[in-house]
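The structure under discussion appears below in the form of structure tokens.
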Amino acid sequence: MKNITLFLALALPAFAGEPNQLTPAEKADGFKLLFDGKTTEGWRNYKQDKPSDKTTVTDGAISLVKGSGNLISKDQFENFEFRFQFKIAANGNSGIMWHVSEAKGQPYETGPEYQILDSLGTGYEHELKKGNIAGNFYDIIPGKKEWAKPAGEWNDGSIKIVGTKVTLTINGNTSADIDMATDEGKALLAKSKFATWPAFNKETKGHLCLQEHGDSVSFRSLRIKELK
């Protein structure tokens with residue numbers, strides 16, 4: 001599948017700045033922060049006007065626990081590069097979705113997902129077997145366990161969306177680079193659990209979503225650059 005670039009080393013280095021701060025290069029390149037390290041300003045729960053009381057900011061990170069609910073950005077984004085750090089609990093599961101609409105009951109009904117999982121744990125065995133592990137394009141392109149850091153450690157990730165092209169990275173490795181409008185992209189979608197979902201991956205603009213999947217997960221250094 002020549003348009004799919006799997007398992008490539010990415011030129012982009014791991015985030016080397018202070019948490020929740022833009023590097024000089026990011027400032028010059030037009031990135032902005034989506035999290036100030038202190039409050040949940042700019043975020044709210046899915047179909048709600050504010051975050052849940054169970055969502056906290058702890059040690060400079062947004063922390064979701066069971067019952068927090070899914071947290072979405074107040075702003076919507078079309079073409080963008082989103083850089084972030086995440087830390088998942090042992091045997092935990094979470095994710096980040098993009099182009100999320102609130103037209104359906106759950107954000108994953110519309111928004112494709114960057115998977116977050118304890119790739120080195122023993123929970124969610126069915127996902128591990130399918131390669132639905134940290135950093136992969138969930139149920140579309142499998143990832144590699146060796147790219148992820150152990151539970152409780154910070155990982156660097158990114159999501160870049162330009163039109164129908166999706167590029168995902170984890171800890172300096174490219175886990176997906178695919179144009180979903182190509183025959184190859186359509187074939188991957190047809191083989192996935194989403195093949196018959198009528199609203200999935202149809203939006204061209206939408207919210208970012210930090211998923212609460214019943215396990216503890218933290219996010220920090222959320223930076224975005226909108227692209228043309």
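Computed from the coordinates by the stated procedures, all read-outs in this text should not be read as laboratory data. Keep in mind that what you see is a predicted model, and the values were worked out from it rather than measured. Neighbour counts run over all protein chains shown; Cβ positions are idealised from the backbone, glycine included.
Evaluated with a Cβ-only charge set (Lys, Arg +1; Asp, Glu -1), the chain carries a dipole of roughly 200 debye about its Cα centre, given to the nearest 20.
Taking every lysine pair in region 16-107 that is 8 or more places apart or spans two chains, those with Cα atoms closer than 19 Å amount to 16.
Note on region 18-100: with charges restricted to the Cβ of Lys and Arg (+1) and Asp and Glu (-1), its dipole about the Cα centre is near 340 debye.
As a rough guide to protection, the peptides 102-108, 21-27 ranked by mean Cβ packing within 10 Å, highest first, stand as 102-108, 21-27. Remark on region 51-183: Rg and Dmax equal 14.5, 45 Å (Cα only).
Toward the positive end of the charge dipole of the chain, with +1 on the Cβ of Lys and Arg and -1 on the Cβ of Asp and Glu, the farthest Cα among Phe219, Asn136, Ala151 is that of Asn136.
A convex hull fitted around the alpha carbon atoms of region 39-112 yields 116 Å³ per residue.
Please give me the summed charge of the neighbours of Pro19: other residues whose Cβ is under 10 Å from its Cβ, Lys and Arg +1, Asp and Glu -1. With Lys, Arg at +1 and Asp, Glu at -1, the neighbours total -1. Reducing region 91-116 and region 160-217 to their Cα centroids gives an inter-centroid distance of 9 Å. In this Cβ point-charge picture (+1 for Lys and Arg, -1 for Asp and Glu), region 84-160 has a dipole of about 160 debye about its Cα centre.
A Förster distance of 41 Å, applied to the separation of the beta-carbon atoms of Thr196 and Gln76, puts the FRET efficiency at 0.95. Can you find, among Asn20, Thr39, Asn201, the residue farthest towards the positive end of the dipole of the chain? Put +1 on the C-beta of Lys and Arg, -1 on that of Asp and Glu. The Cα lying farthest towards the positive end belongs to Asn201. Over the chain, all Cα pairs binned in 10 Å intervals from 0 give whole-percent P(r) values of 8, 35, 41, 15, 1, listed from short to long.
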